[in-house]
Amino acid sequence: MVTRKATKSAATTPAELRDLMWKAADKLRGSMNSSDYMNFVLGLIFLKYLSDSFDERAEAIRAEIAEDGFEGQELEEELEAYLSDPDEFYSASVYFVPEKARWGFIAQQAKSGSVGELLDAAMREIMDANPRLNGALSEIYNRENVDQTRLAGLIDLFSNADFKAMRKDTGRSSLDILGEVYEYFLGQFAAKQGQRGGEFYTSRSVVRTLVEILNPVDGKLYDPCCGSGGMFVQSEKFVEAHGKQFKQEKGYEPSLTVYGQEYNDQTWKLARLNLAIHGIFGHLGDRWGDTFAEDRHAGENFDFVMANPPFNLKEWSRRTDDPRWNFGVPPERNANYAWLQHIWSKLNAGGSAAVVLANGSMTSNAGGEDEIRRAMVQGDAVAAMLVLPANLFTGTAIPVCVWVLAKDKSAGKRGTSERKGEMLMIDARSLGRMIDRKTRVFDDEDIQKIAGAWHRWRSTDSELNTGVYEDELGFCKSVTVEDIEKQEWALAPGRYVGSAAVEETGEPVDVRIARLRATLAEQFAESARLADVVQKHLAVLDLPDVPGEVEQETATESEGA
């Protein structure tokens, strides 16, 4: 018998790493509930990120000291002094990690049997050393329901990931790779939690569409219900793809600064970690809070707002005298129009917003919502309506719409076309592709088609503005307030864009009907002939005489097929 030596699988690409880490981490679930498990795993990834960024900064400091002529023992002593000074790390926008909280120390002690205790202590020390992270980390690793052996194995897996090879192969830093892993895990956790996953995670297809529409290259960006911060992360990628600075690194000021608020405590922590792991120093307030009851950014106005609020929220902090209700008091049992008016009130003079809401918000008449919608249209607060296809959101097939709001639609900073009294309607329900039975995604071409229509209509300086705007039957149409009034203030794009043109054959209708009727008769005849052939073949087979048995076998074969 030949004995094969077991080989340890190793991830050599970011995609392989994230898949391997997910499978290993999934074994740790045990008796944890889903939210604890999510915070548990994401906390480990964040600790690895902090330690790696600390080590990269330490290597840079070592190189600087060597350039000054230090070497040998003298260099090590000088380095030790620098490594104990948090300011040497803060000045480079790197979090300080105390010695016993560093990944290397924990990895060395992982098999000691007390790795959970070490991790909880590490989380405390990091928060003590970095006020920005105070309250963002969870001490949940030394609980009775945590399998310490599997936890140690997960530490080993994270430690053995070949980041050096990945950096060489991809040209990216290990920190970028870990950021990608973090995003992937957020998406996986959202999928596992089904519809509840939408509370902290918005589909990348949707977020990228909003980002491409708003074009947030510089200024102030706000999200009043920021979830895990996905809007900010995609904006970072957009800004840097356009050659500008987003990360608040030494010697630079970001061209785009981000502000957010989140009501759920655990989700607020996720957002803080997500921003930190991407090197974004966002303003999320010193704690979680209800946007309607205690606006953490009261008095602030913004260039851009992107939001995916909870749909049709019934329990919310409503005040009839709230100064944010510029277009009417929202109904007591639905916050959709409260979100829209809060967001509009936060825009500066040239600001614009993209807000994801349930499709019902476009046509609802309940609780006076139709009157608020009419006032918003007449007040020129709505610039565009976009309806999206089903299955874009995690755990639900519900189709959604996007309200694009603007404080000023005249020719100016956000576009050179005068669009006062007009609105763009976009019906994107036919776009996207299914990647599995439940999930639809937008490819780049889909996003560019949607955002391109907006940028041409508004005549912006975006590269997606490829020429003069034209209506496209079945997809987009520029409408007036008078057009909308004729539809009783309903804003569903399908009512305005019409149906896509059907290819005209030139065949008269009566001739076409006669031809189709003859074709159908031929198909019925062929179906009868085939049924007769099948019956004759069955007659010569040695089949059981029990009708129930035959029916059961046939049904089983059909189900298997």
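The values are calculated or read from the model by the stated rules, or taken from the named source; none is laboratory data. Quick caveat: nothing in here was measured; it's all calculated off a predicted structure. Don't worry about glycine lacking a Cβ; one is built from the backbone with ideal geometry, like all the others, and counts go over all protein chains shown. Calculation scope for accessible area: heavy atoms of the full protein, side chains included, ligands and nucleic acids excluded. Shrake-Rupley method; radii C 1.70, N 1.55, O 1.52, S 1.80 Å.
Listed here are the residues, each with its yes/no results for (1) in contact (Cβ under 8 Å) with a residue 12 or more places away in the chain; (2) surrounded by fewer than 18 Cβ atoms within 10 Å (Cβ to Cβ); (3) over 16 Å from Asn39 (Cα atoms); (4) not acidic (Asp, Glu).
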| residue | (1), (2), (3), (4) |
| --- | --- |
| Ala129 | yes, yes, yes, yes |
| Gly135 | yes, yes, no, yes |
| Glu139 | yes, yes, no, no |
| Asn145 | yes, yes, no, yes |
| Leu151 | yes, no, no, yes |
| Ser159 | yes, yes, yes, yes |
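One residue is enough: does the stretch 433-443 have a residue meeting the conditions out of contact with any Leu (no Cβ under 6 Å at 6 or more places or on another chain), under 22 Å from Pro216 (Cα atoms) and not in a strand (DSSP E or B)?
yes
Can you name the residue in the stretch 217-249 that is under 15 Å from Glu463 (Cβ atoms) and in contact with a helix residue (DSSP H, G or I) (Cβ under 7 Å, 6 or more places away or on another chain) and is also modelled with the lowest pLDDT among such residues?
Selected residue: Phe238.
Taking the options Pro86, Pro98, name whichever one is in contact (Cβ under 8 Å) with a residue 40 or more places away in the chain, more than 30 Å from the chain's Cα centre (by Cα) and closer than 29 Å to Asn142 by Cα.
Of the residues listed, the single one that is in contact (Cβ under 8 Å) with a residue 40 or more places away in the chain, more than 30 Å from the chain's Cα centre (by Cα) and closer than 29 Å to Asn142 by Cα is Pro86.
For the stretch 467-496, which positions are polar (S, T, N, Q) and either in contact with a strand residue (DSSP E or B) (Cβ under 8 Å, 6 or more places away or on another chain) or open to solvent by less than 20 Å² (accessible area, probe 1.4 Å) (or both)?
The answer is Ser478, Thr480.
Report yes if some residue within the stretch 86-100 is touching an Asp or Glu at 6+ places or on another chain (Cβ under 6 Å), within 28 Å of Leu44 (Cα to Cα) and open to solvent by less than 70 Å² (accessible area, probe 1.4 Å); otherwise report no.
The answer is yes; a qualifying residue exists.
Among Asn301, Asn312, Asn334, Asn308, which is closer than 21 Å to Val402 by Cβ and modelled with pLDDT of 95 or more?
Asn334
State the number of residues belonging to the stretch 446-461 that are more than 18 Å from Leu405 (Cβ to Cβ), open to solvent by less than 20 Å² (accessible area, probe 1.4 Å) and touching a residue at least 24 places away in the same chain (Cβ under 8 Å).
Total meeting the criteria: 1.
Pull out all pairs, ordered by first then second residue, where Cβ-Cβ is under 7 Å, the residues are six or more apart or on different chains, the first lies in the stretch 272-286 and is outside any helix (DSSP H, G or I), and the second is basic (Lys, Arg).
Correct list of pairs: Gly279/Lys247; Ile280/Lys247; Leu284/Arg272; Gly285/Arg296.
Report, ordered by the first and then the second residue, all pairs with beta carbons closer than 6 Å, sequence separation of six or more or different chains, a first member in the stretch 44-71 that is within 15 Å of Glu99 (Cβ to Cβ), and a second member that is among the small types (Gly, Ala, Ser) and at pLDDT below 85.
From the stretch 44-71, the pairs are Arg57/Ala92.
Quick check on the stretch 190-206: of everything there that is surrounded by fewer than 22 Cβ atoms within 10 Å (Cβ to Cβ) and within 22 Å of His455 (Cβ to Cβ), which residue is modelled with the highest pLDDT?
Within the stretch 190-206, the match that is modelled with the highest pLDDT is Ser205.
Filter the stretch 406-432 for residues that are free of Cβ contacts under 8 Å to residues at least 60 places away in the same chain, of a type in the set (A, V, I, L, M) and assigned to a strand (DSSP E or B); which is nearest to Ala349 (Cα to Cα)?
This residue is Ala406.
So which residues in the stretch 381-405 are open to solvent by 10 Å² or more (accessible area, probe 1.4 Å) and either outside any loop (DSSP other than H, G, I, E, B) or at pLDDT 95 or above (or both), if there are any at all?
Scanning the stretch 381-405 gives no hits.
Condition first: open to solvent by 30 Å² or more (accessible area, probe 1.4 Å) and modelled with pLDDT of 85 or more. Now tell me which residues in the stretch 108-120 satisfy that.
Gln108, Gln109, Ser114, Glu117, Leu118
From the set of residues in the stretch 446-479 that are assigned to a loop (DSSP other than H, G, I, E, B) and among the small types (Gly, Ala, Ser), which is nearest to the chain's Cα centre (by Cα)?
Ser462
Take the stretch 295-326 and flag every residue that is among the acidic types (Asp, Glu), open to solvent by 70 Å² or more (accessible area, probe 1.4 Å) and under 26 Å from the mean Cα position of the chain (by Cα).
The answer is Glu315, and nothing else.
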